[in-house]
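The values are calculated or read from the model by the stated rules, or taken from the named source; none is laboratory data. As the structure is a computational prediction, the values presented were derived from the model and not from experiment. Heads up, the Cβs are rebuilt from the backbone with ideal geometry, glycines too, and the neighbour counts pull from every protein chain shown.
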Amino acid sequence: MTMTRMTPLLERNEQFARNYTPVPLGLPATQTLILTCLDHRVDPAIVLGLQLGDAPVIRNAGGRVTEAVIGDIAYLAFLAEQLFAGQGAPDKLFEVAVIHHTQCGTGFLADDNFRHQAAAATGLDEAALGASAVADPHVTVKADVERLLSSPLLSPKVSVSGHVYDIDTGRVTTVLDARYPQ
Ligand SMILES: [Zn+2]
């Protein structure tokens, strides 16, 4: 076995596995699904104290509601209904908590010149890059909650809430309380 950058992390995993108890497949214990940024300063397991089995987590650049995210949430709602009908309230599956954060690296994409350079260097679509920018998390989290709530793919048994994580204080503030689609 050669040393790689994963080697120290695999040693941590060895420690983890020594006291490990598997969690059976079931509804998430907190009845929430977290959507947040992939930023390594915003790990929801640490910020929200999540344990194994507590909550599914979807992460992408900015924690944005994209077509792919909507598809994942639609599938998870279908899965929960198929496998676990009868557990919990029949008219409720889970709450999607959208969490955007301050100092997001996608914020640079709000700058025209930076976004143009990023598109040229990566081959990614410039408009799509612009749409992913979180310059003000209070604004983008509201837009994404509305986008998810208005999607025809969202189960009427899934509610959506919006929150902002402040990198400076470590505090998560609720911007929009949980709501079901109309
Ligand atoms: Zn971010």
Checklist entry - Here is a list of conditions, (1) assigned to a helix (DSSP H, G or I); (2) within 16 Å of the ligand (Cβ to nearest atom); (3) modelled with pLDDT of 95 or more, and L109 meets all of them except one; can you say which number that is? => result (3)
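To keep it simple, each residue is scored yes or no on (1) among the acidic types (D, E); (2) more than 30 Å from V141 (Cα to Cα); (3) within 16 Å of the ligand (Cβ to nearest atom).
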site: M3; (1), (2), (3): no, yes, no
site: A17; (1), (2), (3): no, yes, no
site: A29; (1), (2), (3): no, no, no
site: I34; (1), (2), (3): no, no, yes
site: R59; (1), (2), (3): no, no, yes
site: V69; (1), (2), (3): no, no, yes
site: D72; (1), (2), (3): yes, no, no
Item to check | L76 being part of a strand (DSSP E or B), out of contact with any His (no Cβ under 7 Å at 6 or more places or on another chain) and crowded, with 18+ Cβ neighbours inside 10 Å | outcome: no
Checklist entry - In the range 42-52, is there at least one residue being over 18 Å from K92 (Cα atoms), of a type in the set (A, V, I, L, M), within 16 Å of the ligand (Cβ to nearest atom) and exposed (fewer than 11 other Cβ atoms within 10 Å of the Cβ)? => result yes
Item to check | Filter result for the condition that a residue is out of contact with any Cys (no Cβ under 6 Å at 6 or more places or on another chain) and without any contact (Cβ under 8 Å) to a residue 40 or more places away in the chain, over L48, L38 | outcome: L38
